[in-house]
Amino acid sequence: PAESRVLAVVRELCANPDPRLYLSLVSLTSRLKMDVTIPKLEVATREGVLSRLTNGDVDRGRQLFFEMTAWTGCAACHRVAGRGNDFAPDLSGIGLRAKPEAIVEALLAPSASITEGYSQQILVTDDGRTIAGVVLRETAAEVTIFKADRTLQTIAAQSIVERNKTKVSAMPDGYGLFGNEQIADVCAYLLTLRHKTPNP
């Protein structure tokens, strides 16, 4: 049957995944509920990404940036030219203001240099709950937190009994697992972004 042939091809691709297909294979096998192990890509390094940057695939990088799966989707938090979300810094003009090395560093080690206002905070409430995330909005009555699972939670300000800033970025670690080639593709795309960032 055609379905069996398709599954056989997917399994074959998973056995020795092409870096450019890796995220798609992870997403596809998850959606198909396939019991298959996909070998992890070689962890990306600063030197590895920079050495591939001149051959980075801008179109693939754009796709990875906007792809909304559990594994990627920078636009779930960031915005470019009005597209995406404003839970993290607007990247519309990142190609004008950041060097390739800084972009690579931000992707591979997000907590090394955190944009002001985007470090995680830990809030403890009077009923014993601990909530971690970035404070997006705050009034005298309530605080809205953007959490690591990409959900929003609003807490009554009067219920907060303890509040601590951390030196941890809201952007998750682990993007290095996508491999040098795919990180280079994303960086190549980000370097093309030369739109002026809108005023808040």
Quick check, is Ala140 farther than 27 Å from Thr45 by Cβ, in a loop (DSSP other than H, G, I, E, B), hydrophobic (A, V, I, L, M, F, W, C) and out of contact with any His (no Cβ under 8 Å at 6 or more places or on another chain)? yes
Restricting the range 77-108 to residues that are surrounded by fewer than 16 Cβ atoms within 10 Å (Cβ to Cβ) and either in contact (Cβ under 8 Å) with a residue 24 or more places away in the chain or in contact with a Ser or Thr (Cβ under 6 Å, 6 or more places away or on another chain) (or both), the residue that is nearest to Gly133 (Cα to Cα): Gly82
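Filter the range 72-84 for residues that are in contact with a helix residue (DSSP H, G or I) (Cβ under 6 Å, 6 or more places away or on another chain) and of a type outside the set (A, V, I, L, M); which is modelled with the lowest pLDDT?
Thr72
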Of the residues in the range 56-76, those that are open to solvent by less than 60 Å² (accessible area, probe 1.4 Å), in contact (Cβ under 8 Å) with a residue 24 or more places away in the chain and either more than 20 Å from Val134 (Cβ to Cβ) or of a type in the set (Phe, Trp, Tyr) (or both) number 9
Test: residue in the range 62-71 that is among the hydroxyl-bearing types (Ser, Thr, Tyr) and at pLDDT 90 or above: no
Check Leu53 against each of (1) assigned to a loop (DSSP other than H, G, I, E, B); (2) touching a residue at least 60 places away in the same chain (Cβ under 8 Å) and name the one condition it does not meet. (1)
Give me the pairs, please: first residue somewhere in the range 16-39 and closer than 21 Å to Glu181 by Cα and part of a loop (DSSP other than H, G, I, E, B), second residue anywhere and among the charged types (D, E, K, R) and open to solvent by 40 Å² or more (accessible area, probe 1.4 Å), beta-carbon distance under 6 Å, and either six or more positions apart or on two chains. Pro19/Glu181
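Could you list, in sequence order, the residues of the range 125-137 that are of a type in the set (Lys, Arg) and in a loop (DSSP other than H, G, I, E, B)?
Arg129
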Residue within the range 149-159 that is assigned to a loop (DSSP other than H, G, I, E, B), surrounded by 12 or more Cβ atoms within 10 Å (Cβ to Cβ), modelled with pLDDT under 90 and touching a helix residue (DSSP H, G or I) at 6+ places or on another chain (Cβ under 9 Å) present: yes
Output yes when any residue across the range 42-54 is closer than 17 Å to Val26 by Cα and open to solvent by 70 Å² or more (accessible area, probe 1.4 Å), and no when none is. yes
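The values are calculated or read from the model by the stated rules, or taken from the named source; none is laboratory data. Being a predicted model, the structure only gives us computed values, none of them experimental. Here the Cβ is made from the backbone with ideal geometry for all residues, glycine too, and neighbour counts use every protein chain on show. We work out accessible area using only protein heavy atoms, side chains counted, and drop any ligands, DNA or RNA first. Shrake-Rupley method; radii C 1.70, N 1.55, O 1.52, S 1.80 Å.
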